[in-house]
1. Run through the DSSP bridge list for the protein assembly as shown and note the antiparallel percent, rounded to the nearest 5.
2. Any of B:K161/B:K318; A:K132/B:K201; A:K359/B:K271; A:K42/A:K134; A:K169/B:K180; A:K134/B:K259 with alpha carbons more than 30 Å apart? Name them for me.
3. Equivalent-ellipsoid semi-axes (√(5λ), Cα gyration tensor) for the range A:307-355, whole Å, largest first?
4. Can you tell me what share of the DSSP beta bridges in chain A is antiparallel? A percent to the nearest 5 is fine.
5. With the calculation restricted to Cα positions, what are the radius of gyration and Dmax of the range B:231-296 in angstrom?
6. Suppose each label sits 7 Å from its Cα in the direction of the beta carbon; what would the B:Y42-A:K202 distance come out to in nanometres?
7. Taking each pair of different alpha-carbon atoms in the protein assembly as shown once, compute 1/r for the pair, average those values, and report the inverse of that mean as the Kirkwood hydrodynamic radius in Å to one decimal.
8. What is the dipole size for the range B:68-135, taken about its Cα centre, with +1 at each Lys and Arg Cβ and -1 at each Asp and Glu Cβ, in debye to the nearest 20?
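The values are calculated or read from the model by the stated rules, or taken from the named source; none is laboratory data. Note that the structure is predicted; figures quoted are calculated from it, not measured. Backbone-built Cβ (ideal geometry, glycine too); neighbour counts: all protein chains shown. Note: areas computed on protein heavy atoms with side chains; ligands, DNA, RNA excluded. Shrake-Rupley method; radii C 1.70, N 1.55, O 1.52, S 1.80 Å.
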Amino acid sequence: MPAVQEQSAGTLLERYAGNLTQTPLLCEEEPMDPADVTRDIKRADLLQMYYYLRLTRALEDRVTALYRQGRIVGGVYTSHGMEAIAVGYASALERNDVIAPFHRDMGAFLIRGFTPGEVLAQYLGKRTGPTKGKDGNVHMGDLKRGMIGFVSHLADNLPVATGVALAFKIRGERRVAFTGTGDGGTSRGDFHEAMNFAAVRKLPVVLFCNNNQYAYSTPQRLQMAIHDVVDRAKAYGMPGEIVDGNDVAAVYLASKRAIELARAGGGPTFLEFKTMRMHGHSEHDPAKYVPRKLLEEWKKKDPILKAEQLLVQLGYGDDAYFHEVGERVKKEVEAGLEFAEQSPLPEGPEVLEGVFAEKADSY
Amino acid sequence: MTTETVQRQQEVTYLEAISQALDEEMTRDERVFLMGEDIGTYGGAFKITEGFMAKYGEWRVIDTPLAESGFVGAAIGAAMMGLRPVVEMQFADFISCAFDQITEVAAKNHYRWGAAVPMVIRAPFGGGVHGGPFHSECPEGWFFHSPGLKIVAPSTPYDAKGLLKAAIRDPNPVLYFEHKFLYRRIKAVLPSEDYIVPIGKADVKRAGNDISLITYGAMVHLALEAAELLAQEGIDLEVVDLRTLIPLDKDRVYESVRKTSKAILLHEDNKTGGIGAEIAALLAEDCFDHLDGPVLRIAPPDTPVPFSTPLEEYFRPKVSDIATAARKLAAY
Ligand SMILES: Cc1ncc(C[n+]2csc(CCOP(=O)(O)OP(=O)(O)O)c2C)c(N)n1
Ligand SMILES: [Mg+2]
C-alpha cells in the first residue's frame, strides 16, 4: 500500500511543513492607497504610530536579549513582526475606551502609558512592575489606564471584554471595548461564547483575531477547517473584515471603522489581521517547524519597513528621521532598563498580600 | 399596625428571602444587575426573579444565551468597570462550564494586578430533590481550593437574605450556594429593616456541651433534628452552622471544639477532599490538646449523586448516621 508508506515517510515536522505550502501563506490584500491614508489619518498620528512601532520593537528586542543572557526567568512572547496590530488598533481608540489585550499586544500597553521601565520591571519580577512581581511578562493590566490584565488562558479575555462593553451599554456611555486572540485562541469555546453574546446584545465591542498562521507549533490547517477566520463572523451575525496586519495604516483604519460603528450603537465587528509570527512561539522555541522560505517572504512585509515605505511615499519621513526615531527609542529603553534594574525585588512575605480586595472602584 | 407592617411580619420562605434580597439591593443600588438563563420573562427556573424584568427592565435583568463561561466572563468585565452583577446558575451543576472564568479570571485578578471583581454567582445546589447526577451536585469543594473567592452557603431564610446582601456589597467575587431543598420547605419572619449577615461569621444554631457538630447548608436542619433525638439519650450536641466556607470562621469553630472536646463534620458534598477534611486537619493542627476523641466525618460516598430514590437515600447523610457517630464519640 504505497499511500501509507508515503505518509509515514519523513518526520512529523517535515510532513507538516510540506503540507503547509498547500495553504496560501501570504496576505493577498491590496496595499493601502496613499490617497486614502492622507485623507483619513493625520500626519501626526501616523508619525506617532511609527514611533510606537519602533519603541515596541526596541523594547521587545531588549527583552529577548535579556532572556538570552538568562536575566529574565519566565516566558517571553513577543510581537516581533506583528507590532502593527496593537499599535494600529490602540491608536484608533479613544483614551477612555478599554482594551482587553492579547499576548502579543505590547504596542497597546505602550500607547496606554505603560513605560519601558514598568514593562522591564514586570519582566524582571520587580516590585515596580504593574503586578509587583505577582505575575510576569505581558500578564499585566491597569484599569486606570483602560487595560484589562491578560490571562494566560487564551480567549478568556473575550467574554470579559463583552462584559466591559455591557457595562458601557447599561450606563449609557459612548465607550468601546477592544479585544482579541490568536488563530489558536479562536478554537476555544470562550471565543465563540463571546462573539455570540456580543452580537446578540449588539454590544460596543470590537473583536479581532491576530492570525499569525501558527499556534505554538500547530499550523492553521490543523486548527480549523476554514481558510479565513473572518468567516466565523457571519455565523454570529456580525460584520467581519480581513485586514493586512502588517500595515499599520490599514489596521488603524479598519479598527477605526469598527470602533465608530460600535460607538454609534451598531454593535460588534470582527477583524482578522493576517500576519506571520516571525519568532518562535516563545523565545525558547527555535520554531524549526516553520519553513524558512515562509519567513523570508514575510520579512519583506515587515511592519516597520512597510510603515517607512509609506512615510517616504507621503513625504512624511526619510532615512535621517527614521534613524533619529531609532536613537530616541533606544535611549528610552535603556533608561527603562536602568530603572527596572535599580528597582527592588519584592520581599517573600508580600506573597500574602492582595488575595482579596478591600474596595472596588468604578472605571 | 399599618397593613405594610402586618405584611412584613408574615413568614417568608428561604426562596422568598433570596428574592427579597435581590429586589432590595437592586432598588438600593442601581449598579446591581442580574444575568442568567431564563431569569427575565420566565422569572428563573425556580421563579426567584419573577416580575423583576417588568420592574427593572431588560438591561438590568439580562436573559443570556446558554453559555455559562461567556456570561460569567461578561459579569467579570462589568464588575471590573464598577457594576455589581449577580449571576444565576440555573443549577449549581452547570457552574463547571464556567470553572475557568471563575478560578482563573475572577479569583486571580485582584491578586495579580489589583483589579477588584465585585460580583456574586448564585448557585442552586444540593440533593434530596430527585435531581440525579446533574441537578443535585454540591460543587463548593472545587472552589474551596481556589484562593481569591469567597464562598457562602446559608441554611435559613434570615441568613439567606443577609448573606446575599453582604455578598452583593462585597468587593470580591462571592459564590453563593443556595440549597434547592430548602427553597420552599422552611419559613421565617424576617426583620423589616435592612440588615446583612457578615461574610466570615459562623453561627451556633444550637448550643450544647458534649459534641460539636459542624456543618452548613441543608445539613444544618438534619443536624438539629439529630440533636433533638440525641438529647433524649443525654448527648448534648452543639450545632455550628459555618454559613461562610471562605473565609472560614476558624475562631468560632475552635471555640466550640475547645468547649466540647469532640467534633463531627457533616456535609452533603462527597467525602474525599471536602470541607470536612480541611476542618479535620485544622482541628488536628490547632486543637489537638483539646480533643478527647477522633474527629469524625459524615458525608456521602465518593460517587456521583444517584437518581433513583433508594440510591439517593443511601447516598445522603441521615439522622441515623449522625446518631451512630455521636454515640460512638460520646463513649470516649
Ligand atoms: C487555554 C490555553 N491552552 C494552552 C495554552 C498554552 N499556549 C500559550 S500560547 C499558545 C499558542 C497560541 O496560539 P495563537 O492563539 O495562535 O496565538 P499566537 O501565540 O500564535 O500569537 C498555547 C498553546 C494557553 N495559554 N491557553
Ligand atoms: Mg497564532
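1. Working: 11 of 63 bridges.
So the antiparallel bridges amount to about 15 percent of the total.
2. Pairs exceeding 30 Å: A:K132/B:K201; A:K359/B:K271; A:K42/A:K134; A:K169/B:K180; A:K134/B:K259.
3. Details: eigenvalues 351, 39, 5 Å².
So the three semi-axes of the range A:307-355 are 42, 14, 5 Å.
4. Details: 3 of 24 bridges.
Antiparallel bridges: around 10 percent, rounded to the nearest 5.
5. Spelled out, the Cα radius of gyration and Dmax of the range B:231-296 are 12.0, 35 Å.
6. Modelled inter-label distance: 2.5 nm.
7. Details: mean 1/r = 0.0361 Å⁻¹.
When all Cα pairs of the protein assembly as shown are included, the Kirkwood radius is 27.7 Å.
8. Working: 4 positive and 5 negative charges, 53 e Å.
Dipole of the range B:68-135, to the nearest 20 debye: 260 debye.
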